[in-house]
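Single-structure report; data block below.
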Amino acid sequence: MNNNTDQLEARRAARREVVEEAAKLLFDGKLVAFPTETVYGLGADATTDKAVAAIFEAKGRPRFNPLIMHVLDLEQARQHGVFNRLALKLAEAFMPGALTLVVPRRPESAISLLATAGLDTVALRAPAHPMARALLKAAGVPVAAPSANKSGRVSPTTGAHVAEQLGDDVALIIDAGRCRIGLESTIVGCIGDDPMLLRPGGISREDIERAIGRRLRQPEDTAKPAAPGQLASHYAPKAELRLDATDVRPGEALLAFGPKVPEHGGPMLNLSPAGELPEAAANLFAHLRALDEEGCASIAAMPIPEFGLGEAINDRLRRAAAPRE
Ligand code: TXA
Ligand code: MG
């Protein structure tokens, strides 16, 4: 065996060890932060009220805002939710992956009522990230996990982001570097015959509509959000955020997009110099955090096209710019 294979084997063994340790902690009712391909999650055993309560506590999250249950696969998902034909089609196309399905909750499901905020529906997601899958396999129970940030703040796309906001609240952070997609999962409601886009995210509306051969509806009643967590102000940096900026004002930091960037002497980060939306999505939260650390009173964000992943990027930017509660 050469040196490289030795190192590879050592890394594999270390990964196995951390996953086993994490599964043990979950079993003991502790919180574990883990990577997914979208953002890092703050996980707890979804079947234990006390563990789930600790998530709400650590995040400062309102109790009416239900969590996403993470499962290994469709088979495990179906133990907790009722999948109609449309939900099955979506699961077949995008599970595992960056899709969360909201379906009717099975009455016999062992998931904590606190985790679903007493609703008769449940949000289920099978992440594709190998470390998340290893953890779910070892845990053997559904893992309730919101994004691993304080409520209302920017979602974490690195282990270091988690440590900054929740380091004191978690028993363990499984650090696997940067998240590949960088935006939360797309949430689709499959309650009746009409699939509903509850939150744009890491899989574009166009890709989903193509897979099911029909349009996704929008929740009509915007005053009462269909995904209860979709409150106006969210993902908020400390700085003010100015959207659709085509110039930069004195004292502002610039969140740029594309090759044509206005002249600017101050702090600047480009989401994607080539103007590519997947790259911009992957950089969004990390760049927002980094610019925020520059201490400017305001961040000017250049316009992002409203198609593909742009829909989710603009959703997050609008919430980050919304008046704070
Ligand atoms: O990519 C993701 O989805 C990440 C990773 C960790 O999986 N998780 C995530 O969770 O973004 P969180 O808690 O930050 O957002 C979950 C969203 C909230 O807006 C919540 O209101 C909605 O899912 N949700 C959960 N259960 C629901 C339900 N039964 N009906 C409607 N919306 C629901
Ligand atoms: Mg979140």
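The values are calculated or read from the model by the stated rules, or taken from the named source; none is laboratory data. Note that the coordinates shown come from a computational prediction; the quantities given were computed from them, not determined experimentally. Cβ sites come from the backbone with ideal geometry, for glycine too, and all protein chains shown count toward neighbours. These accessible areas exclude ligands, DNA and RNA; they are computed on the full protein's heavy atoms, side chains included. Shrake-Rupley method; radii C 1.70, N 1.55, O 1.52, S 1.80 Å.
Things worth noting here:
- A 1.4 Å probe run over the chain, with the rest of the protein chains in place, finds 45 Å² accessible per residue.
- When GLU294, GLU75 are compared by accessible area of protein heavy atoms, the largest-first order is GLU75, GLU294, using a 1.4 Å probe.
- Using a probe radius of 1.4 angstrom, the carbon and sulfur fraction of the accessible surface of the chain is 52%.
- Residue-count net charge about ARG78 - beta-carbon cut-off 15 Å; Lys, Arg +1, Asp, Glu -1: +1
- Long hydrophobic helices in the chain: the complete DSSP H runs spanning 18 Å or more by Cα along their own axis with mean Kyte-Doolittle hydropathy of at least 0.0 are 277-293.
- Per-q log10 I(q)/I(0), region 168-212, q = 0.16 Å⁻¹ (Debye; single scatterer per alpha-carbon; no solvent): -0.61
- Inter-label distance for PHE307 and LEU269, nm, one decimal - labels placed 7 Å from Cα along Cα-to-Cβ: 2.8 nm
- Unit Cα scatterers, Debye sum, region 87-231: log10 I(q)/I(0) for q = 0.14, 0.21 Å⁻¹: -0.76, -1.58
- The simple Förster model, with R0 at 45 Å and r as the Cβ-Cβ distance, assigns GLN7 and GLU209 a FRET efficiency of 0.50.
- If the Kirkwood radius is taken over C-alpha pairs of the chain, then at 10 °C and 1.306 mPa s the Stokes-Einstein diffusion coefficient equals 78 µm²/s.
- Tensor-based shape of region 1-63 (alpha-carbon gyration tensor, a/c under 1.5 rounded, otherwise prolate or oblate): prolate
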